[in-house]
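Notes to accompany the following structure.
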Amino acid sequence: MRKALIAGNWKMNLNLEEAALLVNRLKSIDFDESEKEVIIAPSFVYLPELVKLLKDSRVKIFAQNVHHEKSGAFTGEISIDMLKNIGVSGSIVGHSERRIIFKETDELINKKIKTAVKEKFPIIFCVGETLEQRMADVHEEVVNTQVGLGLEGIDEIDMNHITIAYEPVWAIGTGKTASSSDAEAMHKSIRNFLAKKYNKALADSIRILYGGSVKPENISELMAMENIDGALVGGASLKAESFIKIINY
Ligand code: PGA
């Protein structure tokens, strides 16, 4: 049985006061921890403050990105040790905005995942195709190539630190959600790929989230799909009303 996971990616949004207000609303929500996990990924600069505010809460804090080296001359970067040091529980890696705007390659993403699993640091590993790739009907090949390259050299035993998030680029922040059946088909394809790369038991146990214009109106339909285990939510995670509705789908 895979535990549901609802994660909010706040991206470069909110000021400290707004972030603290939102966290205080999320703190009070009631959900069964044995059935569901809730994560927020705020901006780096608010992490220490928000970790303190969420002390003793069931809501966990992730970073939106992380560097693969332990320390050193990497101006502007943040290491896993630093995040662990302030009580951050994990990180998103390979978000399409990192891949497209900041030119992160599959090779770099693989380095981050390798370091994270070595450090037993949970990762939400994002993959997804562009609209052109979907139109050209190469979306499954593109996404499974991203999965394969990101997980190169990752042993089966270390896969328990990884959650995959399928986020079609054309659905992110556009209001266009993949239909639940299209999302389900991709999740199934990723699971088949993992069954071949590792084995069926692993493929059946790994969580695969859907991301891209998830909102209160479409979460139930998505979550009803056999291979969709949760959601990575951008825009709708910035408002308590909509994020809480999604959490309580
Ligand atoms: P969105 O973003 O929900 O605003 O489409 C999702 C994401 O980028 O993780």
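Of the peptides 52-64, 10-22, how do they stack up when ordered by the mean number of other Cβ atoms within 10 Å, highest first?
Per-residue mean Cβ counts within 10 Å order the peptides as 52-64, 10-22.
At 222 nm, what helix-only mean residue ellipticity would the chain give, in deg cm²/dmol to the nearest 500, using -39500 (n - 2.57) for each DSSP H run of four or more?
That calculation yields -11000 deg cm²/dmol at 222 nm.
Assign one of three labels to the chain, namely rounded, prolate or oblate, based on the Cα gyration tensor with a ≥ b ≥ c the square roots of its eigenvalues; rounded applies when a/c is under 1.5, prolate when it is not and a/b is larger than b/c, and oblate otherwise.
rounded
Only four residue types carry charge here, +1 at the Cβ of Lys and Arg and -1 at the Cβ of Asp and Glu. Report the dipole size of the chain about the Cα centre in Debye, rounded to the nearest 20.
460 debye
Provide, in order from the shortest bin, the percent of all Cα-Cα pairs of region 7-138 in each 10 Å bin, continuing until the bin that contains the maximum pair distance.
Result returned by the calculation: 11, 39, 33, 15, 2.
Determine the alpha carbon to alpha carbon distance for each of 27/118; 120/245; 55/112; 118/215; 60/114 and list only those over 25 Å.
27/118; 120/245; 55/112; 118/215
Which order do the peptides 187-195, 232-240, 219-227 take when ranked by the mean count of other beta-carbon atoms within 10 Å per residue, highest first?
Sorting 187-195, 232-240, 219-227 by mean packing, highest first, produces 232-240, 187-195, 219-227.
Relative contact order for the chain: what is it in percent, counting Cα pairs under 8 Å that are at least 6 residues apart?
About 21 percent, as a whole number.
Since every read-out is calculated from the coordinates, none of them should be taken as a lab result. Note that the structure is a prediction, hence the values are computed from the model and not measured. For neighbour counting, all protein chains shown are included, and Cβ atoms are generated from backbone atoms with ideal geometry for every residue, glycine included.
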